[in-house]
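*Asks:* I'd like to ask some things about the structure below.
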Amino acid sequence: MKRRSLIQAAGGLAAFCAVAQLRAQPAAISKIIVPFAPGAGSDAMARFFGSELSKSMGRQFVIDNRTGAGGAIAADYVRTAPADGLTVLLANMHMMVMLPLTTKSVRYDPVKDFKPVGRIASFYEGIAVPSELQARDVKQWLDMAAKDPRKANYGVPAPGSVAQFMGYRLGSDAKAGLVAAPYRGAAPLVQDLLGNQISAGILPIADLVAHQQSGKLKVLAVNGAKRAALLPDVPTLKELGQPHFDNLEWTGLFVPAGTPRPIVEQLHGALGKALASKDVQERLLKLSSDPNPSTPEELSALIADDLKRWGPVVKASGFTSE
């Protein structure tokens, strides 16, 4: 009993010291490492969250853009950073799930090398076709693709993206022979869809909403367990009998794996406070992201589920970036 009490006391003292150390460094600058260039949507998200965290924690958070390799450079930098709560990673599902599954050169383990602070937001992928295409729903599009190889190509914003493997899974299940056409971002893909240069695209709905509303593109379905608020008339794949696409893509904050639990909890509390703000929620919605806070444990479980869900699909596709 005495030994257990001593261990508990030591643990409590360590926790107290960890938080005290963070609070005692008001002059130290915290960094949010962003894997995208200034001006991108995720960069904008990081900047207003940095401002909110600065207010809540009484310390300055600055943005450090470390671009390249689909986010792997930023993640690897944080992996080796001191575990003192001063270096925080803004990461998305692509970095924490798809890159480790598809890219042999990735040096980090998303489960072992990081501790989640919490999820910030989730966002939808949509299946879009040109308005001229004679397909009113996903089944008709898949039937067309199965009969005519010229209709079987579908664009995705990047190779190895969730969108690519959504298409692979849909095509495999329907025996439609779909073929992914990776683009360098969503913008050129949207232009080709608008110009009827490609039969379909799978990409974030942020790039589709205005064109759906204008009638220039048709969004046939979205992923997720419920319909997207921005596209309330568009069914989910689940509604259409496709049960494999419930999970949305997401963005969250992470710290190095050795970061003491009390520091993680302090950062999580500040993140939760920011996400409770109506102003922050409205800003996220303007970025076509749904505010979707989580505990660190819930985000850990989501990453494990995403890895389990997409690992076999990636393997079956034979895709590798190298």
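The values are calculated or read from the model by the stated rules, or taken from the named source; none is laboratory data. Everything quoted here is computed from the prediction, not taken from an experiment. Every residue, glycine as well, gets a Cβ built from its backbone with ideal geometry; the counts of neighbours run over all protein chains shown. Please note that ligands, DNA and RNA were not included when accessible areas were found on the heavy atoms of the full protein model with its side chains. Shrake-Rupley method; radii C 1.70, N 1.55, O 1.52, S 1.80 Å.
*Asks:* Take the alpha-carbon centre of region 280-320, take the same for region 81-103, and report the distance between them in whole Å.
*Replies:* Cα centroid to Cα centroid, the span is 12 Å.
*Asks:* Give the aspartates and glutamates reachable from K104 as a straight Cα distance under 12 Å; neighbours fewer than 8 places away on the same chain don't count.
*Replies:* By straight Cα distance, K104 reaches E322.
*Asks:* Still on this structure, I have one more. Radius of gyration and Dmax for the chain's Cα atoms, expressed in Å?
*Replies:* Final numbers for Rg and Dmax: 21.3, 77 Å.
*Asks:* Net charge near P260, counting Lys/Arg +1 and Asp/Glu -1 over other residues with Cβ under 11 Å of its Cβ?
*Replies:* Values: positive: K115, R261; negative: D84, E265.
That works out to 0.
*Asks:* To the nearest 20 debye, what is the magnitude of the charge dipole of the chain about its Cα centre, counting +1 on the Cβ of each Lys and Arg and -1 on the Cβ of each Asp and Glu?
*Replies:* Working: 36 positive and 28 negative charges, 143 e Å.
Once rounded to the nearest 20, the dipole reads 680 debye.
*Asks:* Let me ask something else about it. Mean Kyte-Doolittle of at least -1.0 and a Cα length of 20 Å or more along the axis: which whole DSSP H helices of the chain meet both?
*Replies:* Values: long enough: 2-23 (31 Å, 0.46); 41-57 (24 Å, -0.15); 261-275 (21 Å, 0.18); 296-317 (31 Å, -0.12).
The answer, listed by residue number, is 2-23, 41-57, 261-275, 296-317.
*Asks:* To continue, here is another question. In region 184-321, what percent of the accessible surface is made up of carbon and sulfur (1.4 Å probe, ligands and nucleic acids excluded)?
*Replies:* On the way: 3360 of 6430 Å².
About 52 percent, which is the carbon plus sulfur part of the accessible surface.
*Asks:* Something else now. Solvent-accessible area of E52, probe 1.4 Å, all protein chains present, reported in Å² to the nearest ten, please.
*Replies:* Using a 1.4 Å probe on the heavy atoms, I get roughly 40 Å².
*Asks:* Could you do me a favour and compute the accessible area per residue for the chain, 1.4 Å probe, result in Å²? Please report the intermediate quantities before stating the final value.
*Replies:* Working: 14960 Å² over 322 residues.
Solvent-accessible surface per residue comes out at 46 Å².
*Asks:* Now for a different question. Hey, got the dipole for region 176-322? About the Cα centre, +1 on K and R Cβ, -1 on D and E Cβ, debye to the nearest 20? Present the calculation step by step, with values, prior to reporting the outcome.
*Replies:* On the way: 14 positive and 15 negative charges, 35 e Å.
Computed charge dipole of region 176-322: roughly 160 debye.
*Asks:* So, in Å, what gap is there between the alpha-carbon centers of region 181-259 and region 33-72?
*Replies:* Taking the Cα centre of each part, region 181-259 and region 33-72 sit 24 Å apart.
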